[in-house]
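One structure below.
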Amino acid sequence: VGSGEPRIDFKDDAKGALLLEPTRTNSLVQSNQFDTTWSSTNTTVTSGQIGVGGSLNAWKLTSNSNSSESYLRQTVSLSGISSLSVYAKAGSANNLFIYCGSSGADPFAYFDLSSGIVGTTSNVENASIKSVGNGWYRCTISGNNINQNANFYISDNGSAISNNGDSIYIQYAQLEQGSYATSY
């Protein structure tokens, strides 16, 4: 929607309602171009995948290492309460692990992309998973002082480890100051 035009939400009612939310800045650079400012470890990224609403700008993340951590990372730094979100869909792996930081005390959460539930969490204010149709979910964690790294891991059975060939799909990553995620 263009600037100054109202957004209408038809989620709960066919008549629609105004969608009112604060203006925020996405702190992730090239937040849907995962082969540029993002670094990958043991992960191959493939563009042009079918995404949310039938778009063709989703990305397939495939582990290229056996029994190792496979992830995408972007260095970030925000103070206060922030929210990190991404749209995700199961591939041959069913889990996404979102981790913010570089030490064990930093916020993280596991998301089951086959059943749509939040698994283990740590040091988060909130973690949520919301179906957006066609097997896609918006996965969000909110925590204090999300800094150093925004990480999206291919996860096998709720661990940070994946197997060679495991894959998931992601789209539209967003990191913003605030206790909940706004529209991408």
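Annotations for the structure displayed:
- Residue match in region 67-75 (condition: over 19 Å from the mean Cα position of the chain (by Cα) and under 22 Å from GLY158 (Cβ atoms)): yes
- Boolean, VAL76 is touching a Leu at 6+ places or on another chain (Cβ under 9 Å), surrounded by 15 or more Cβ atoms within 10 Å (Cβ to Cβ), modelled with pLDDT under 95 and of a type in the set (A, V, I, L, M, F, W, C): yes
- Each residue in region 61-70 was checked for being open to solvent by 20 Å² or more (accessible area, probe 1.4 Å) and either modelled with pLDDT of 95 or more or out of contact with any Phe, Trp or Tyr (no Cβ under 9 Å at 6 or more places or on another chain) (or both), and 6 of them qualify.
- Residues that are closer than 23 Å to TYR180 by Cα and assigned to a loop (DSSP other than H, G, I, E, B), drawn from region 39-81: GLY51, THR75, VAL76, LEU78, SER79, GLY80
- Selected residue (criterion: farthest from LEU72 (Cα to Cα)) from residues of region 1-32 that are of a type in the set (D, E, K, R) and part of a loop (DSSP other than H, G, I, E, B): LYS15
- Among residues of region 8-21 that are more than 17 Å from GLY133 (Cβ to Cβ), those with a Cβ under 7 angstrom from a residue that is of a type in the set (Val, Ile, Thr) and in a loop (DSSP other than H, G, I, E, B), sequence gap 6+ or separate chain, pair up as GLU21/THR182.
The values are calculated or read from the model by the stated rules, or taken from the named source; none is laboratory data. Computed from a predicted structure; not experimentally measured. Every residue, glycine among them, receives a Cβ derived from its backbone with ideal geometry; neighbour counts consider all protein chains shown. Remember, those area values only see protein heavy atoms, side chains included, never the ligands or the DNA or RNA. Shrake-Rupley method; radii C 1.70, N 1.55, O 1.52, S 1.80 Å.
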